[in-house]
Amino acid sequence: MPGARALALALALSLAPLAAPAVQPDEILADPALEARARAITAELRCVVCQAESIDDSNAEIARDLRLLVRERLTEGDSDAEVLAYVTDRYGEFVLFRPPFTWRNAALWLSGPLFLLLGAGLAFAYVRRRATAPAPPRPPLTPEERARIEALTSE
């Protein structure tokens, strides 16, 4: 099947550029340590347009602006926490891939485990009820079925 392999390879190679980070060469900081910090921070920030991508991976214009803002704040001497606080103050906790647990978002944090426990409890109750329930009564055989059984067993 060389044709199938070639097709799979062509598909993989055509999708490879989509996995590349969107950081442009003109955005990269000269100091490798600062650039590493910037990459760590931007990997934690969600693109407000794409929503499922970090601003490092997004090609949206606002993601580029946020990447530049993070690098600007770092070059001004802000700590990582200060940069994250600055961006969060401007865009809300939505931009954080891992928002902190607070009383305002407690329902979101707790709803997943709560629904998991609820589903497990319902499944357990259903299985337990089915295991202890008596088997339903079988309908009686029709005269034709009885005659057929008699014919099969008498041979």
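The values are calculated or read from the model by the stated rules, or taken from the named source; none is laboratory data. Note that this is a predicted model, so its numbers are computed, not measured. Methodologically, a virtual Cβ is constructed for each residue, glycine included, from the backbone with ideal geometry; neighbour enumeration extends over all protein chains shown. For the accessible areas, the whole protein counts, side chains as well, though only heavy atoms, and no ligand, DNA or RNA atoms are used. Shrake-Rupley method; radii C 1.70, N 1.55, O 1.52, S 1.80 Å.
Points to keep in mind about this one:
- Search result, residues across the stretch 111-155 that are surrounded by 10 or more Cβ atoms within 10 Å (Cβ to Cβ) and under 30 Å from Phe101 (Cβ atoms): Ser111, Leu114, Phe115, Leu116, Leu117, Leu118, Gly119, Ala120, Gly121, Leu122, Ala123, Phe124
- Remark: pairs (first residue in the stretch 34-50, of a type in the set (D, E, K, R); second residue outside any helix (DSSP H, G or I) and surrounded by fewer than 22 Cβ atoms within 10 Å (Cβ to Cβ); Cβ separation under 6 Å; 6+ apart in sequence or on different chains) = Glu35/Ile28; Glu35/Leu29; Glu44/Phe97; Arg46/Phe97.
- The residues of the stretch 28-71 that are exposed (fewer than 13 other Cβ atoms within 10 Å of the Cβ) and modelled with pLDDT of 85 or more, listed by number, are Ala33, Ala36, Ala40, Glu61, Asp65.
- Scanning the stretch 77-93 turns up at least one residue that is at pLDDT 90 or above, part of a helix (DSSP H, G or I), out of contact with any strand residue (DSSP E or B) (no Cβ under 8 Å at 6 or more places or on another chain) and open to solvent by less than 30 Å² (accessible area, probe 1.4 Å).
- The stretch 47-63, subset within 15 Å of Val83 (Cβ to Cβ) and not hydrophobic (A, V, I, L, M, F, W, C), residue nearest to the chain's Cα centre (by Cα): Ser54
- Of the residues making up the stretch 94-115, those that are part of a loop (DSSP other than H, G, I, E, B) and either more than 18 Å from the chain's Cα centre (by Cα) or charged (D, E, K, R) (or both) are Arg98, Phe101, Thr102, Trp103, Arg104, Asn105.
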